[in-house]
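In what follows, a structure is listed as structure tokens, so that the remarks can point back to it.
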Amino acid sequence: MKPPIKQKTSEWIKTTGAMKLVDGPGMGLDYIPWNFQCLPMDIAQERSTKKIVIQACSQLLKTQVMTAIAINKMYNDPANFAFASSSEDDIKKFKQGKFMPVIETSPVLAKLVTSKSDKAAANNAKQTELKNGTFIYWLNMNTPKDLRGITCSTVLLDEVSNLVIGEQGNPIKLAEGRTSTFGQDALTVVASTPLFKNDLINSEFNLSDKRYWYVTHKCGHEYRFEWDQVKFQFKQLENGRAIPDSTTSKLLCPHCEEVIDEHTRHQMVDKGRWIATNPDGEKGVVGFGISRMYSPLGTIEEMVARYADALYNFNLQTFMNNEMGEVWEDEYQKEVDIIALEQHKSDKFNLHNIPENALAICTSTDQQLDRLETTVIAFNEKDVWVLCHVFHRSHDCTKDESPAWNELEEFCKQQFKTPSGRIIPTLACFVDSGNATQTVYRFSSRWAKFSPIKGGKSIDADLFKQSTRGREKLVTLNTQAGKSTVRKLLNHLLSDDPDAAPTRLHFSSSLPFDYYEQLTAEELRPQGGRLMWLLKKGQKRNEALDCLNYALIAREYAVTKLGTKQPYRKLRQFKATSQEETTAAAAVQVQPVINKEETKTKPVPVKHTKVQRPRNNWFGK
Ligand SMILES: [Zn+2]
């Protein structure tokens, strides 16, 4: 074997023409790295570098740098190395569409690979043997056994944002583990366009020294290109919407505000430098972040056209990820202020003091081993009052004979009334069947208003979907979409203009002490390339959130079951009728039309609590 050549990878590529462009307008020409591409490939040769993290826009830095590091290894410092991506398909595309064409068109590298007809070479989809006996491995990071079987000094990981931390652990760590026997010679390169805050590439990048490419304007100001330095006018479309007019775009220096034309931008990019911005980064972990604003190929005007497209299609995330190389922060990823939420509790209403303008009731029950937790909401078209969250406890609630089920039945079948005595119809009672399916099915057959429910797996599904399994009617809920709605309504409640909410939530002060903590126990976290509502670290209880989520979906479900396009009108008509009946005071036992499925139960005495002023006003801070 040749001793390692002490020449920078970028210099070697520039002087030997070892790497040809295999696509784009310059196809067939020598690849000459741009200045901002040099350090990320050269730093791989430094023994102090343990890991290189590239969080970048698409097609500007990642593939060129990974390919350059790999071919330098092949030619100048031969040892086994591995490429890995987030799917079989991705790794095949990279191998056949990007990497092997570079090797085959290279005057110096083509000689290193065994020919396809060489039967002695151990080539297959997972590995390519080189003439010197070293291997390139092609791995799917979603298949942990792919990662376990090999050892090599260098692993290059692409598009890691789509990966999930599964039962087997963090796939990046698993891949890094393959290099552990090589000590200081080990190197991991992780690259991806990011998706969401704290996804796998973003987490790796945040642990690095976070270098960005800084440019200097002729006024002397050294800075990073950022999107708010691009100015443009809006144009009105025929459909009344307005989008950026890309022909008016200008890039301004944030210091002297002079317009930077394309020629000047190219010069500034060429003369720029990487500056580390995170002094707390892990030792030996080097991070590079770059956006398309630095691209010598595209223009700022073209970017504004894509930005206008993204705005028009409500797809700013794709623009942020693919063009700016930055994470997308969902508005619901922000924390909710529990203390502010607590101040919105109201003494004005509870289960025995239901607001007079309520039109109907829904309940929802979450089954736990030792208890059933039930939330009761009253509502009209604009308001939802969370009246109570109650517990029916008994031993082993997975069993039919558990007394909690009888208590729940009695509780749900009670006739809810306002202080004036008006009956509020109960429209639907959702019961989660996730933990004790057959028990909940049997329980639900006791009354037509009980519906067994379960959370669906798809995050794109309808909010609720009824299906029939044998004799059982099951309602499958999109709990992920529902939880986003809960968070949206909570954010509205805490906003400066709570009345702007599509639905105003009101919480009774009779709710349990940790109710709000449970309501905010989950956060949106990236999982499998998507954002999912998951329990925050350290949180265990979220039944209050589940129940409110179910109850709000029950409300949507129930109004569709009223058999009219104007369900709230029907409910108002019912309210008017029952008010008359209440006033007449004679028609005590009349079963209202809407309650026709109801079995007769003893009316529960209504406590006429005095209406109190809330301690805090609605806007109280
Ligand atoms: Zn300037």
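Which value, in nm² and rounded to one decimal, describes the direction-averaged projected area of the C-alpha convex hull of region 374-433? Let's see the in-between values first.
On the way: hull surface 19.8 nm².
Mean orientational projected area (region 374-433, Cα hull): 5.0 nm².
For the listed peptides 428-438, 393-403, 43-53, a ranking on the average number of other beta carbons within 10 Å per residue, highest first, reads 428-438, 43-53, 393-403.
Can you bin region 455-523 into rounded, prolate or oblate? Criterion: square roots of the alpha carbon gyration tensor eigenvalues sorted a ≥ b ≥ c, rounded for a/c under 1.5, prolate for a/b above b/c, oblate for the rest. Numbers along the way, then the final one.
Details: a/c = 2.37, a/b = 1.84, b/c = 1.29.
It is prolate, given that a/c is not under 1.5 and a/b is the larger ratio.
Near the amide H of K20, within less than 5 Å, lie the amide hydrogens of Y31, all on another chain or at least 5 residues away, with H placed in the peptide plane. Sorting E176, E159 by the number of Cβ atoms found within 10 Å of their own Cβ, with the fewest placed first, yields E176, E159.
At 222 nm, what helix-only mean residue ellipticity would the chain give, in deg cm²/dmol to the nearest 500, using -39500 (n - 2.57) for each DSSP H run of four or more? Walk me through the intermediate numbers first.
On the way: 17 runs with 165 residues, N = 621.
Value at 222 nm, helices only, nearest 500: -7500 deg cm²/dmol.
At q = 0.17, 0.27, 0.28 Å⁻¹, work out log10 I(q)/I(0) for region 1-70 with the Debye formula, treating every Cα as an identical point scatterer and leaving solvent out; two decimals please. Log10 of I(q)/I(0), two decimals: -0.65, -1.38, -1.44. If you take the alpha carbon atoms of region 336-420 and fit the smallest convex hull around them, that volume is 122 Å³ per residue.
Take every DSSP beta bridge whose two residues both sit in the chain; close to 55 percent of them are antiparallel. Volume per residue of the convex hull around the Cα atoms, evaluated for the chain, comes out as 216 Å³. With the charge dipole of region 341-426 set up from +1 on Lys and Arg Cβ and -1 on Asp and Glu Cβ about the Cα centre, the Cα lying farthest toward the positive end among the listed residues L351, S364, T374 is that of L351. With the charge dipole of the chain set up from +1 on Lys and Arg Cβ and -1 on Asp and Glu Cβ about the Cα centre, the Cα lying farthest toward the positive end among the listed residues N435, L156, Q59 is that of N435. In plain terms, the residue of E238, E373, E226, E88 with the fewest other Cβ atoms within 10 Å comes first and the most crowded comes last, giving E238, E226, E88, E373.
Can you tell me the dipole magnitude for region 143-185 around its Cα centre, using point charges on the Cβ only (Lys, Arg +1; Asp, Glu -1), in Debye to the nearest 20?
Values: 4 positive and 6 negative charges, 35 e Å.
My answer is approximately 160 debye.
Annotation: the residues E282, E523, sorted from fewest to most other C-beta atoms within 10 Å of their own C-beta, follow the order E282, E523. Computed over every Cα-Cα pair of region 44-92 and binned at 10 Å starting from 0, the pair-distance distribution P(r) comes out as 20, 52, 27, 1 percent. Working from the pairwise distances between different alpha carbons, so that the mean of 1/r is found and then inverted, what is region 124-233's Kirkwood radius in Å? Final number for the Kirkwood radius of region 124-233 is 16.8 Å.
About the centre of its Cα atoms, the chain shows a dipole size close to 1160 debye [charges on the beta carbon of Lys, Arg (+1) and Asp, Glu (-1) only; nearest 20 debye].
Semi-axes of the equivalent ellipsoid for region 1-154, computed as √(5λ) from the eigenvalues of its C-alpha gyration tensor and ordered from largest down, come to 22, 19, 17 Å.
Axis angle, to the nearest 10 degrees, between helix 300-312 and the longest C-alpha principal axis of the chain: 20 degrees. Remark: region 42-129 projects, on average over all directions, an area of 6.7 nm² (convex hull of Cα atoms).
Charged side chains reduced to their Cβ positions (Lys and Arg at +1, Asp and Glu at -1) give region 234-310 a dipole of some 180 debye around its Cα centre.
Computed from the alpha carbon positions, the gyration tensor of region 240-279 leads to an equivalent ellipsoid with semi-axes of 27, 16, 11 Å, biggest first. Quotient of the Cα radius of gyration of region 198-243 and 2.2 N^0.38 Å, N being its number of residues: 1.91.
Calculate how large, on average over all directions, the projected area of the Cα convex hull of region 260-318 is; give the answer in nm² to one decimal.
Details: hull surface 23.5 nm².
About 5.9 nm², averaged over all directions.
The distance linking region 4-55 with region 296-318 is 29 Å (Cα centroid to Cα centroid, whole angstrom). Approximating the spin labels as points 7 Å out from Cα along Cα→Cβ, the K131-to-R471 distance works out to 7.7 nm.
Taken along its three principal axes, the alpha carbon spread of region 237-371 comes to 73, 55, 32 Å, from the longest extent down to the shortest. Each residue of region 351-501 gets 124 Å³ once the volume of the Cα convex hull is shared out per residue.
Inter-part distance, region 405-482 to region 87-157, computed on C-alpha centroids, equals 54 Å.
Throughout, read-outs are computed from the coordinates displayed, never taken from laboratory work. Keep in mind that what you see is a predicted model, and the values were worked out from it rather than measured. Note that each Cβ is placed from the backbone with ideal geometry, even for glycine, and that neighbours are counted across all protein chains shown.
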